[in-house]
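The values are calculated or read from the model by the stated rules, or taken from the named source; none is laboratory data. Not measured: the values here are computed from a predicted model. Glycine gets a Cβ as well: all are built from the backbone with ideal geometry, and neighbour counts include every protein chain shown.
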Amino acid sequence: MPIFRDLFMSQTLYRKYRPQAFKDLVDQNHIRITLMNELESGRIAHAYLFTGPRGVGKTTMARLFAKSLNCKNRKKESAEPCNACNSCKDIVKGRLLDLIEIDAASHTGVDNVRQNIIDNSRVATVSSKFKIFIIDEVHMLSISAFNALLKTLEEPPENVVFILATTEVHKVPQTIISRCQRFDFQKVGVKDIIDRLNTITSQEKIQVDEKVLKAIALASDGSVRDAEGMLGQVLSLGEKKVTMDHIDLIVPHSDDTLVIQFLGLLTMGDIASSIELVNRLVEEGGNVKNFVKNIVEVLRKIILLNVSSSLEKFAVSELDDELQKEMTKISSQLDSQELVRWINIFLRIEPILKVQTDIIQLPLEIAILEVIENGKEDSDHFTKGSSPKMPGPVVSSAKRNDNPKSSLKDSYVKKEINRDPEEVVKNESVNEDKKEAPVLKLSEVQKKWKTYLKKLREYNHSLALTLNVGKIVEINGNVMTIAFGFQFYLDRVWEAKNKRIIENILEEVYNTPLTFTCIIDNTLREKPLPEPKQKEEETNALKDALDTFGGEVVEG
């Protein structure tokens, strides 16, 4: 019997240790502080909307708020409930008549809304100051149910408070959202989850390896409830000390060693060994979906290493010294543009893995071929040449490039690389006379370029990355000239579908019809020498990342 009791208690940790005061909440400080200020000042809204991912504290926050509102002994100018009065005790035990919790997923119809909410809200409270309705998963209500709720939500009785909770706020009508005070909950950070799990294990008097807690926190994907549920499963094993050896079947952890080995084979161009590793993984019962997910995560970390040494703490802090060395080695062999291409390939096969079950490794095998074979094509592209895919002038840099892989096919080059400088000036002055007056100044276009890329990213993320590598060099009439360092960027933006998207967003952002042409500028392939002073002043990681993607090539 004691063993069964311990097992039961360990399986319900998220209920056993549910926070009973605002100070016990994990993260969500921006919401906690606002609600506590409202309680202290007495300025209470009539309706609240809590939205965010699962297991991050929406329902817990709602119950704490309800408890504080109806607490009999709450101190003046304090938000914390006493947890000792009858009202607080009844809420903890789930028996307070003036707190009505409704699961909208099982009460979707208009009749349920009328009976359980509208009619009930008109009845006086039994013993509390406020009658509080907590409607969980409110997005599940039908349209007619929302319409019935609307009037009561807009003008409820004076002593009634509504708290709506949802994980899918986009399904809630704007008419409902506009009548609520909205709070957006965020995923909880790994460190905060680990601290929470440490608190629980201390109270349970069970020793758990720090690596186990970290693995649980990473696997929970920012959900405190999921983390506490997995910890409950781990503690149910009944071990006095829990190590990584005990959690293989419970916590899906990242096999970084295998992933880094796989990426090392890809960088060497070893197709056979890469495919053999994947098939060995399948034969041993490995999860291909998790493996692909881990590949993308490790590639992201390698990009961070390429971007700046200041981001190293976010990239390799979870790895041992040997894996850090291997990851750094891979980082030195791949530039950021190639890493982005790899990530796009592996992201593309993730949805296929969810539906394809007959040969689960096939999409990954195809991805291996695409990564390695297309990589060879890109490296040979400028040597072999290809047929033109776009009209208009394509201009090479005035600076000589001695790398044979960077030379363009003659049909693309309209100006010679080693021309007389005086002739260049003369020809360019002649061309100036033929230019049309620009509809926008170049400075105006460049000023809003980041806004344009942000808007484009909503429609096509990879296309925005490609354009960010380019540089706007000229506006002639309504034609924008964009320079790229490599031809494959030029080919991508000139595809009919992509060209249409780019021009549509140009018109939307700049409020005038704009089209574009492209040129090749070899100087965009060259990475400028870093200036120590500038590097010290660089503190914005996002700007650092954008600068790196903007044409800088990391030499292997």
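Quick notes on this structure:
- For region 78-90, the condition holds for no residue, the condition being that it is assigned by TED's automatic domain parsing to the domain that holds SER144, under 24 Å from THR34 (Cβ atoms), aliphatic (A, V, I, L, M) and touching a strand residue (DSSP E or B) at 6+ places or on another chain (Cβ under 9 Å).
- Residues satisfying the stated conditions in region 88-111, i.e. in contact with a Ser or Thr (Cβ under 6 Å, 6 or more places away or on another chain) and in a helix (DSSP H, G or I): VAL110
- For region 230-240, a residue qualifies if it is surrounded by fewer than 19 Cβ atoms within 10 Å (Cβ to Cβ) and modelled with pLDDT of 80 or more, and the qualifying residues are GLN233, SER236.
- Single condition HIS30 does not satisfy, out of (1) farther than 23 Å from TYR14 by Cβ; (2) loosely packed, with under 15 Cβ neighbours inside 10 Å; (3) not basic (Lys, Arg): (1)
- Inter-residue pairs, beta-carbon under 9 Å, first part of a loop (DSSP other than H, G, I, E, B) and in region 280-293, second modelled with pLDDT under 85, 6+ apart: GLY286/ASP255; GLY286/LEU258; ASN287/PRO252
- Failed condition for LYS434, given (1) among the basic types (Lys, Arg); (2) modelled with pLDDT under 85; (3) surrounded by 10 or more Cβ atoms within 10 Å (Cβ to Cβ): (3)
- Counting residues in region 176-191 that are in a helix (DSSP H, G or I), in contact with a Phe, Trp or Tyr (Cβ under 9 Å, 6 or more places away or on another chain) and hydrophobic (A, V, I, L, M, F, W, C) gives one or more.
- Sub-6 Å Cβ pairs linking a first residue in region 332-344 that is closer than 14 Å to LEU305 by Cα to a second residue that is surrounded by 17 or more Cβ atoms within 10 Å (Cβ to Cβ) and of a type in the set (S, T, N, Q), at least 6 apart or interchain, are GLN333/THR267; SER336/ASN306; SER336/THR548, ordered by first then second residue.
- Odd one out for SER317 among (1) of a type in the set (S, T, N, Q); (2) at pLDDT below 85; (3) more than 20 Å from HIS461 (Cβ to Cβ); (4) assigned to a helix (DSSP H, G or I): (4)
- Of the strands (runs of 3 or more DSSP E) entirely within region 462-556, none holds at least 1 residues that are modelled with pLDDT under 80 and not assigned by TED's automatic domain parsing to the domain that holds LYS450.
- The one condition in (1) under 27 Å from the mean Cα position of the chain (by Cα); (2) under 29 Å from LEU339 (Cβ atoms) that LYS447 fails to fulfil: (2)
- LYS301 in a helix (DSSP H, G or I) and either at pLDDT below 80 or under 20 Å from ASN374 (Cα atoms) (or both): no
- Residues in region 113-123 that are surrounded by fewer than 21 Cβ atoms within 10 Å (Cβ to Cβ), touching a residue at least 12 places away in the same chain (Cβ under 8 Å) and more than 11 Å from ILE100 (Cβ to Cβ): ARG114, ILE118, ARG122.
- Subset of region 34-51 (residues that are part of a helix (DSSP H, G or I) and under 13 Å from ILE163 (Cβ atoms)): LEU35, GLU38
- Yes/no for LEU456 being more than 21 Å from ASN374 (Cβ to Cβ), surrounded by 17 or more Cβ atoms within 10 Å (Cβ to Cβ) and not polar (S, T, N, Q): yes
One line per residue, one yes/no per condition, for (1) surrounded by fewer than 14 Cβ atoms within 10 Å (Cβ to Cβ); (2) within 19 Å of GLU158 (Cβ to Cβ):
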position	(1), (2)
GLU40	no, no
ARG74	no, no
ARG95	yes, no
ILE100	no, yes
VAL110	no, no
